[in-house]
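Input: a single structure, listed below in structure tokens.
The values are calculated or read from the model by the stated rules, or taken from the named source; none is laboratory data. It should be emphasised that the depicted structure is a prediction, and the values quoted were computed from it without experimental measurement. Virtual Cβ from ideal backbone geometry, glycine too; neighbours counted across all protein chains shown. Heavy atoms of the whole protein, side chains included, go into the accessibility calculation; ligands, DNA and RNA do not. Shrake-Rupley method; radii C 1.70, N 1.55, O 1.52, S 1.80 Å.
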Amino acid sequence: MTRLQDGHENWREDVAGRANVEDTPELLAYYDSLRGFHAAALWTVANRIEPWEPQSASVPVLWRYRDLRPHVLRSVDLVTPEKAGRRVIYLENPGRREVAAAVGWIYAGLQVMHPGERASAHRHSASAIRFILEGEGAYTIVDGHKMTLGRNDFVLTPNGTWHEHAVAEDGTTCIWQDGLDIPLVNALEANFYEVHSDLAQAVGYPVDDMTLSWGNPGLTPADRRWEKGYSPLFKYEWEPTYEALCRHAACTDGSPFDGVLMHYVNPVTNGPVMQTLGASMQMLRPGERTRAHRHTGSFLYTVARGAGLSIINGRRLEWAERDIFCVPSWAWHEHHNASDTEDACLFCLSDLPVIRALGLWREEALADNDGHQKIG
Ligand code: GTQ
């Protein structure tokens, strides 16, 4: 297939059924006159706006925690949460700078807080998943429910809920990963933002009540109803997650592409934790090397445990615990646990609920080279 690019926005393709109109002085004058009426000829852009397959602007990136951490900590000396609103260093994908995305339409940042610090309460149309990377004493209040958070736990702050983050006086410096659908909600031009009138919420329920009530495997509370579009289980803890992975691993070979992969769910619907963002945890057993596949949806991985490497569109990224990396939509990817004795666990944040709800899911296995990519 030949793809010719003429001087301006004319992506010609010499393929039957695709646009292939040569520029002539007459046509160029015609395009100019259309522009005067805020209109244009489809055949000048058709091949670009309807590519044969997804063309992600995002590139595979590895954010090494040991490189970023000192810079994140330095922000504590430079700005206060009061002045900054949120003291966050965000992950900027070189292909997604204008929309402040880490990958696709997903925003992610590292937020740091010292013991006794508290960020103001607010709410917005964007939804968030906050995954704890380090420190003790972090908590988040979501619509009056206080959720305490430890390493590898995460908390939901769904679309429209009041939320604020803090670290207890007797805690330690905490760093967590914020993952939000901000770029998506902005792309849909539907983002509202409100600061709480008191800058803080009252805690209206017993601490951790949502997880205590809704987080019991196979049991649902008889005295509660829940009809919202997101999970009532605001907090998902690491220990039961890891236990579930080990239990499942004991009776499955797992997937050749994903190893042992489990999705976090809304216990009421068994569907994703929120309408726009999904979360999963994936275990790669000692020495496990997955086969390459690609699918739609944007994925941000955080290394919850272990070390290894991933090959993403032929690029080799070596990761260690706490590192973050992304797999853009339709990018080939395969993962390899570097250890022959320890498992590795990858926390994964994605826009899968959107992709699935809109009927846009597609998946393909790599057929060549025993299902492995060539590097370079
Ligand atoms: O805590 O709601 O990293 O609104 C960026 C935007 C966190 C939050 C971020 C936000 C938040």
Query raised in the report: What whole-number value in Å² describes the accessible area per residue of region 282-376 for a 1.4 Å probe?
Result: 40
Query raised in the report: Carbon and sulfur atoms: what percent of the 1.4 Å accessible area of region 1-130 do they account for?
Result: 54
**Report entry** Diffusion constant of region 253-362 at 37 °C, which comes from Stokes-Einstein with the Kirkwood Cα-pair radius and 0.692 mPa s, µm²/s
**Finding:** 233
**Report entry** Theoretical gain in end-to-end length, Cys251 to Arg86 [0.36 nm per residue, Cα-Cα removed]
**Finding:** 55.0 nm
Query - Cross-link partners of Lys228 among lysines (Cα-Cα below 29 Å; sequence separation of 8 or more within a chain) - result: Lys146
Requested in this report: Taking every Cα atom in region 50-207, find the radius of gyration and the maximum pairwise distance Dmax, and write them in Å.
Outcome: 16.2, 56
Query - Zone residues, region 303-330, relative to Trp52, backbone N less than 18 Å from point 7 Å out along Cα-to-Cβ - result: 330
**Report entry** Shape category assigned to region 134-254 from the gyration tensor of Cα positions, a/c cut at 1.5
**Finding:** rounded
Query raised in the report: Using alpha-carbon pairs under 8 Å, 6+ residues apart, how would you state the relative contact order of the chain in percent?
Result: 14
Report task. Just check region 299-376 against the gyration tensor rule for me: Cα atoms, a ≥ b ≥ c as the square roots of the eigenvalues, rounded for a/c under 1.5, and otherwise prolate or oblate depending on whether a/b exceeds b/c. Result -> oblate
Query raised in the report: Between Arg356 and His372, what is the spin-label point distance in nm, taking each point 7 Å from the Cα along the Cα→C-beta axis?
Result: 3.1
Requested in this report: Take peptides 173-181, 87-95 and line them up by average Cβ neighbours within 10 Å, highest first, as a rough protection proxy.
Outcome: 173-181, 87-95
Query - Full-stretch length increase - Leu42, Leu73 - with 0.36 nm per residue and alpha-carbon distance subtracted - result: 6.1 nm
Report task. Please work out the ratio of the alpha-carbon Rg of the chain to 2.2 N^0.38 Å and round it to two decimals. Result -> 1.10
Report summary line: With all protein chains in place and a 1.4 Å probe, Val207 shows an accessible area in Å² (nearest 10) of 70
Query raised in the report: Reported to two decimal places, what Rg/Rh ratio describes region 195-263 when computed on Cα atoms with Rh from the Kirkwood expression?
Result: 1.11
Report task. Give the relative contact order (percent, whole number) for region 1-111; include only Cα pairs under 8 Å separated by 6+ residues. Result -> 18
Query raised in the report: Using the alpha-carbon atoms, what tilt in degrees (0 to 90, nearest 10) does helix 238-249 show relative to the longest principal axis of the chain?
Result: 70
